[in-house]
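Visitor: Right, I'll just put the structure down here and ask away after.
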Amino acid sequence: MNNAKVENLKFLGLVLCVVIVVIFFTNSTKILKKPTDTFVVEKGMISYEESASGYIIRDEYLLQGENAKNGMVQIKYENEKVSKGDSVFRYFSNNEENLVKQIAKLDEEINDAIAQDESSAPTSDMLSVEKQIEDTLDSMYDENELRKLEEEIKKIEGYITKKAQLAGEYSSTGSLVKNLVEKRSSLEAQLNSNAETIMAPESGIVSYRVDGLEEILKCNDFSYLNRQALEGYDIKTGATVPQSSERGKVVNNFICYMAVPMKTEKADGAKVGDTVTIRLSNSKEIEAKIIYIVEEQDGSKILVFEFKDRIEELIEYRKISIDIIWWKYSGFKISNSAIVTDEKDLSYIRKQNAGYEEKILIKVLRQNETFSIVTNYKDEELAELGFTEDEISDMIDLKLHDEIILH
């Protein structure tokens, strides 16, 4: 092998070694280099929430008469609205069961007597009442709501009574019908004279869920509140208040209150007039305002919230679990690990754009442990921060779906 061939082989070998070394180092750099993590900007919401238990305090009027032990007849039903002076319920009168049976028996005798009394020919008044009975019966065929059916039955009973009275008036003097109607009227007068009807002292909604705290947890002055007393009532969270067969109440359906004992940093910094959102156990949310704060000796506080929504839904409870949403913000949702703060307390992120990185100044609106809601600065805000017109014109805005680099 001549010298020229040897030299060529040496040169080729050297070139091959250089290529191998270059390939090796290039691939090693790719293996060792940490890949850049990025995420796409989306709109979102962040909030700061705390769980607690709240005691419900209502503007309510307890209703109880002298004949409570007799049992009651509901005139207005649970959650039904009433005006001031409306009849809410009545207690059974003395000997009511016997009187009701006697009246029912007389009704049968009156109907039989009307059919047999030839002198009781139908008058225009009686025909009108019979037409009202027929119309009421027709309207009941397609009615499925129990409350309305009961109202229609009461109407029919009234029409039958009126028909009997008319029959008695138009019968011959001393007729059997007239005598029976007079007996019935006498029994009905006895029934009504012994009855005790309870009226609504104010307008609102009716409830028969009575727990004995109606006249203890009052809302005209909250200075009586303390944690020890609230816990002493031994109220189970989420338990429904049982219905009473002796008492009722009228509840203000426009406003309600909730006393919430808390010992957290947020509660400690709360002020009268602050507005929050309360999430109920059914996930429904209500706006509430802090109207009173009780400071306890152990450093905890009782926050009294006022709200004007979902009152009917909470009427069967005295103590419930809630989430207090102290604040919530919506907008561009950015991971905190993507944000860098400089020595001037200005926040920046880095945007990936066609293989290049662009630095974007952002305004942080709210931040929790993981995410921030951010926006772009307005030109006038940038000017107040000391940026020149040229610097402002060169700045890049953050946009939806931008690819942001995480640290």
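Visitor: Hey, can you tell me all the residues within the stretch 170-207 that are at pLDDT below 75, small (Gly, Ala, Ser) and part of a loop (DSSP other than H, G, I, E, B)?
Guide: Ser171, Ser172, Gly174, Ser175, Ala195
Visitor: Among residues belonging to the stretch 295-338 that are over 25 Å from the mean Cα position of the chain (by Cα) and within 29 Å of Glu60 (Cβ to Cβ), point out the one that is surrounded by the fewest Cβ atoms within 10 Å (Cβ to Cβ). Steps first, please.
Guide: Going residue by residue through the stretch 295-338, those that are over 25 Å from the mean Cα position of the chain (by Cα) are 295-300, 331-338.
Next, only the ones that are within 29 Å of Glu60 (Cβ to Cβ) stay: 295-296, 300.
Details: Glu295: 10, Glu296: 15, Ser300: 15.
Among them, the one singled out is Glu295.
Visitor: Here is a list: Leu187, Leu213. Which entry is within 30 Å of Lys105 (Cβ to Cβ) and aliphatic (A, V, I, L, M)?
Guide: Testing whether each residue is within 30 Å of Lys105 (Cβ to Cβ) and aliphatic (A, V, I, L, M) leaves just Leu187.
Visitor: Oh, and also: Of all residues in the stretch 54-77, which are over 13 Å from Ala200 (Cβ atoms), of a type in the set (Asp, Glu) and touching a strand residue (DSSP E or B) at 6+ places or on another chain (Cβ under 6 Å)?
Guide: Asp59
Visitor: Report, by residue number, each residue of the stretch 62-76 that is closer than 17 Å to Pro242 by Cα and modelled with pLDDT of 90 or more.
Guide: Result: Leu62, Leu63, Gln64.
Visitor: Among the residues of the stretch 364-378, which ones are more than 13 Å from Ser47 (Cβ to Cβ), in contact (Cβ under 8 Å) with a residue 24 or more places away in the chain and buried (at least 17 other Cβ atoms within 10 Å of the Cβ)? It would help to see each step written out before you state the result.
Guide: Initially, the stretch 364-378 is screened for residues more than 13 Å from Ser47 (Cβ to Cβ), giving 364, 374-378.
From what is left, the residues that are in contact (Cβ under 8 Å) with a residue 24 or more places away in the chain are 364, 374-375.
Answer for the stretch 364-378, where residues must be more than 13 Å from Ser47 (Cβ to Cβ), in contact (Cβ under 8 Å) with a residue 24 or more places away in the chain and buried (at least 17 other Cβ atoms within 10 Å of the Cβ): just Val374.
Visitor: Now, a different point. Among the residues of the stretch 263-286, is any touching a residue at least 24 places away in the same chain (Cβ under 8 Å), of a type in the set (A, V, I, L, M) and surrounded by fewer than 17 Cβ atoms within 10 Å (Cβ to Cβ)?
Guide: Step one: list which residues in the stretch 263-286 are touching a residue at least 24 places away in the same chain (Cβ under 8 Å), which gives 263-264, 266-268, 270, 276-282, 284-286.
Keeping just the survivors that are of a type in the set (A, V, I, L, M) gives 267, 270, 276, 278, 280, 286.
Cutting the leftovers down to surrounded by fewer than 17 Cβ atoms within 10 Å (Cβ to Cβ) gives us none.
No, that holds for no residue.
Visitor: Taking the criterion of being within 29 Å of the chain's Cα centre (by Cα) and part of a loop (DSSP other than H, G, I, E, B), would at least one residue in the stretch 45-58 satisfy it?
Guide: Just the residues of the stretch 45-58 that are within 29 Å of the chain's Cα centre (by Cα), to begin with: 45-58.
The next check asks that each one be part of a loop (DSSP other than H, G, I, E, B); those that pass are none.
No, because not a single residue in the stretch 45-58 is within 29 Å of the chain's Cα centre (by Cα) and part of a loop (DSSP other than H, G, I, E, B).
Visitor: Which ranges mark the strands (runs of 3 or more DSSP E) fully within the stretch 299-407 that have 3 or more residues being at pLDDT 90 or above, within 30 Å of Leu225 (Cβ to Cβ) and in contact with a Phe, Trp or Tyr (Cβ under 7 Å, 6 or more places away or on another chain)?
Guide: Values: elements: 301-307, 319-335, 347-353, 356-367, 371-375, 403-405.
Strands (runs of 3 or more DSSP E) meeting the threshold: 301-307, 319-335.
Visitor: Turning to a different aspect of this structure: Could you tell me which residue of the stretch 218-259 is surrounded by the most Cβ atoms within 10 Å (Cβ to Cβ), considering only residues that are of a type in the set (D, E, K, R) and closer than 28 Å to Val272 by Cβ?
Guide: The first filter runs over the stretch 218-259 and keeps only residues of a type in the set (D, E, K, R), leaving 218, 221, 227, 231, 234, 236, 246-247, 249.
With closer than 28 Å to Val272 by Cβ added as a condition, the list becomes 218, 221, 227, 231.
Working: Lys218: 15, Asp221: 8, Arg227: 18, Glu231: 11.
Among those that are of a type in the set (D, E, K, R) and closer than 28 Å to Val272 by Cβ, it is Arg227.
Visitor: Could you please find all residues in the stretch 208-258 being touching a helix residue (DSSP H, G or I) at 6+ places or on another chain (Cβ under 9 Å) and not in a loop (DSSP other than H, G, I, E, B)?
Guide: Val251, Asn253, Cys256, Met258, listed by residue number.
Visitor: Go through the stretch 396-407 residue by residue and tally those that are out of contact with any Asp or Glu (no Cβ under 6 Å at 6 or more places or on another chain) and surrounded by fewer than 15 Cβ atoms within 10 Å (Cβ to Cβ). Write out each step before concluding.
Guide: Applying the first criterion (out of contact with any Asp or Glu (no Cβ under 6 Å at 6 or more places or on another chain)) to the stretch 396-407 yields 397-405, 407.
Keeping just the survivors that are surrounded by fewer than 15 Cβ atoms within 10 Å (Cβ to Cβ) gives 397, 399-401, 403, 407.
Residues meeting the conditions: 6.
Visitor: Looking at Ile290, is it without any contact (Cβ under 8 Å) to a residue 24 or more places away in the chain and surrounded by 15 or more Cβ atoms within 10 Å (Cβ to Cβ)? Spell out the reasoning first.
Guide: Working: without any contact (Cβ under 8 Å) to a residue 24 or more places away in the chain: yes; surrounded by 15 or more Cβ atoms within 10 Å (Cβ to Cβ): yes.
Answer is yes for this residue.
The values are calculated or read from the model by the stated rules, or taken from the named source; none is laboratory data. These numbers were taken from a predicted model, which means no experiment stands behind them. Cβ coordinates were reconstructed from backbone atoms using ideal geometry, including for glycine residues, and neighbour counts include every protein chain displayed.
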